[in-house]
Amino acid sequence: MITVFLIARILNREIDTYNIISLAGMLILLANPMQLFNAGFILSFVCVFSIIYLCPRIENFFKLEKFNKKGLLYLIRSLVLTLAVYIGVAPIIAYYFNIISPVTIIANLFVVPLAGLLICIGFTFVLLGLLPVSLAAIFGSTVWLVAFLLERLIFYLSKIPFAYFYIPDLPIWSIAGYYALIILATDRKRFRLSKGTVFIIILICINFCIWAPLLPAGGGSAFGGGKYPEQLKITFLHVGHGDAIFIQFPKGQTMLVDTGGKSAYMDKGKDVVMPYIWHEGKNAIDCMLITHGDTDHFGGASSIIKRTKVRHFLYNGIEKGEEGYARLIDLVKSRSIKTFSLKEGDRIEGFKDTQILVLNPSEEFLTGRYINTNDTSVVLKLIYKNVSFLLCADILEKGIKNIIPYGELLNSDIIKVPHHGSCVDGYKYTADSFFSLVNPDIAIVTASRKSLYATPAESTARLLSEKGASIYITHKDGAIIITTDGEDYNLTTTYSGKAI
């Protein structure tokens, strides 16, 4: 945009800011048309357009020409600038990142000058880097100091109450309506509307957004209406080597079974699970169930609890696990979340037309000293009308032997294969008996391509194939989504595009 502006000055042509923006955008899109769908591209242009379009109108509204004191005028104009940018980009940020941050308006008064200073010092450091190291080190230290101050400032501003909050996905029409209202409010004279008329239109739109979820039509998402489809939807998310299963029941209730892992590089709860939940238009989880205390199953739970409302927390009652599990339990207690421990024979109730039976762990597993943590996993049999799922978490040989006596109850249309489809050579007879009883049409394996152990193991895949099951693996197929009306089911995947 600056380049186009300077060329216009050199050619002594009349400068129209909107034409400059449009030409710059077209040049970028000619070079790479896919930039049109890039968040950075959209935010950059919306930001500049907001400054050009909204700043003069806001200044005129507050009649800034009446202010004589330069210092006060500079402060107010800075505030107007950040307000204009915030109004312009807020719905775009909400759409891409599911976050609203009111503190931005105040924060930018401090952040923008610091960021500008950082850029200036940074360029100086780059230039002086060619000179003696001792001289460059002075500017290098200054860059570090300013960057540190900037990071600390943002960190502390984010701790202000209501500095930011998370929201479900916004439908496109609501964003279009938002910008239409902005234009209507700021250019009302062009549309020959009085202030009162504009105010009434805005109030009607706000009321519609508030009450729309209670309207009889729609899908129950944000602004989408209160009637939910009579179907069950289960999504097996791709979280690498770990489990995260999001269940949406016919009345709109939700259950999250495990939350993926957490490492120094990625928090699956924050980076994978929550974005999907928001994408589905949900801003609360009715039940969070952690099957056992292994990091790849509970690692993302804390981030999720901090980002959305969790109404009930279910687990096997064992408060010992891998590093971080005790902190998770403490967090759940500190949030006063209703907590229930599960064992063999329990039922999870309250979901229309759905039975959820707990098949594992047994009382013996919960009190035994030499039981592998994996065998204490909560195993669920979920039945929605005539379609059933068996979610086996990480049970190994002892866990499988414990649930084999259920016999025909194990028979299920879809199975989440135990322990990521690990090798069953050591207990092939037990595994063979187990898969014969389940007799699944679909076998789902949650696994990572980079796992130390090849999963699913050939022995497990061979057994499942012999039983006639179609195998889906998250690292090959991405998220695996199954919807059912209770009589039949549809399966789709996000990577391979498979559908049945």
Q. If the label point is 7 Å along Cα→Cβ of Trp173, which residues in the stretch 29-51 have backbone nitrogen under 18 Å from it?
A. none
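Classify the stretch 232-493 as rounded, prolate or oblate from the Cα gyration tensor: take a ≥ b ≥ c as the square roots of its eigenvalues, call it rounded if a/c is under 1.5, otherwise prolate when a/b beats b/c and oblate if not.
Values: a/c = 1.31, a/b = 1.21, b/c = 1.09.
Because its axes are fairly even, with a/c under 1.5, the stretch 232-493 counts as rounded.
Rounded, prolate or oblate, given the Cα gyration tensor of the stretch 175-214, with a/c below 1.5 counting as rounded?
Details: a/c = 4.19, a/b = 1.81, b/c = 2.31.
Oblate shape, in that a/c is at least 1.5 and b/c is the bigger or equal ratio.
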**Q.** Helix-only mean residue ellipticity at 222 nm for the chain, each DSSP H run of n ≥ 4 adding -39500 (n - 2.57), per residue, nearest 500
**A.** -14000 deg cm²/dmol
Q) So what's the stretch 1-49 giving for Rg/Rh, alpha carbon basis, Kirkwood Rh from the mean inverse pair distance? A) 1.01
(Q) Taking the 0 to 90 degree range and rounding to the nearest ten, how far is the long axis of helix 133-158 tilted relative to the main principal axis of the chain, both from C-alpha atoms? (A) 70
Q.
Modelling each spin label as a point 7 Å along the Cα-to-Cβ direction, I'd like the Phe208/Lys401 distance in nm, to one decimal.
A. 6.4
(Q) I need to check one value: relative contact order of the chain, counting alpha carbon pairs closer than 8 Å and at least 6 residues apart, in percent. (A) 9
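Can you give me the convex hull volume of the Cα atoms of the chain, divided per residue and expressed in Å³? Before the final figure, lay out the partial values.
Numbers: hull volume 111.8 nm³, N = 500.
Considering the Cα atoms of the chain, their hull volume per residue is 224 Å³.
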(Q) Straight-line reach from Lys343: which aspartates and glutamates fall under 19 Å, measuring Cα to Cα and dropping same-chain residues less than 8 apart? (A) Asp258, Asp294, Glu319, Glu363, Glu364, Asp375, Asp394, Glu397
Q.
Can you compute the FRET efficiency between Asp432 and Tyr370 using 1/(1 + (r/R0)^6), with r the Cβ-Cβ distance and R0 = 25 Å? Round to the nearest 0.05.
A. 0.45
Q. Excluding Ile482 itself, what net charge comes from residues whose Cβ is under 10 Å from its Cβ, given Lys and Arg +1 and Asp and Glu -1?
A. 0
Q | Cα-Cα over 30 Å, subset of Lys282/Lys416; Lys268/Lys385; Lys159/Lys352 | A | Lys268/Lys385; Lys159/Lys352
Q) Any idea how far apart Leu30 and Leu409 come out in nm if each label point goes 7 Å out from Cα toward Cβ? A) 7.0
Q: Determine which lysines satisfy two conditions relative to Lys189: a Cα distance under 21 Å, and not lying fewer than 8 residues away in the same chain.
A: Lys63
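Classify the stretch 350-500: rounded, prolate or oblate, from the alpha-carbon gyration tensor (a ≥ b ≥ c, eigenvalue square roots; a/c under 1.5 rounded; otherwise prolate if a/b is larger than b/c)? Could the numbers behind the result be given before it?
Working: a/c = 1.64, a/b = 1.14, b/c = 1.43.
In terms of gyration-tensor shape, oblate.
Could you give the length gained on full extension between Asp425 and Asp346, defined as 0.36 nm per residue of separation minus the Cα-Cα distance, in nm? Could the numbers behind the result be given before it?
On the way: separation 79, 0.36 × 79 = 28.44 nm, distance 3.14 nm.
So the extension gain works out to 25.3 nm.
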Q: Compute the whole-percent fraction of alpha carbon pairs in the stretch 2-172 spaced more than 19 Å apart.
A: 71
Q: Return the FRET efficiency for the residue pair Asp353, Phe199: r is the Cβ-Cβ distance, R0 is 41 Å, and the value is rounded to the nearest 0.05.
A: 0.35
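For Pro168, what charge total do you get from the other residues with a beta carbon under 13 Å from its beta carbon, if Lys and Arg give +1 and Asp and Glu give -1? Spell out each step's value before the answer.
Details: positive: Lys282, Arg307, Lys309; negative: Asp169, Glu280.
Result for the local shell: +1.
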Q | Degrees, to the nearest 10: 17-31 long Cα axis against longest axis of the chain | A | 40
Q: For each of Met26, Met266, count neighbouring Cβ atoms within 10 Å of the residue's Cβ, then give the residues from fewest to most.
A: Met26, Met266
Q. Cα-based Rg (one decimal) and Dmax (whole number) for the stretch 224-358, in Å?
A. 14.3, 42
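No value in this document is a laboratory result; all are computed from the given coordinates. Since we're looking at a predicted model, the values are computed, not measured. Note that we place each Cβ from the backbone using ideal geometry, even for glycine, and neighbour counts take in every protein chain shown.
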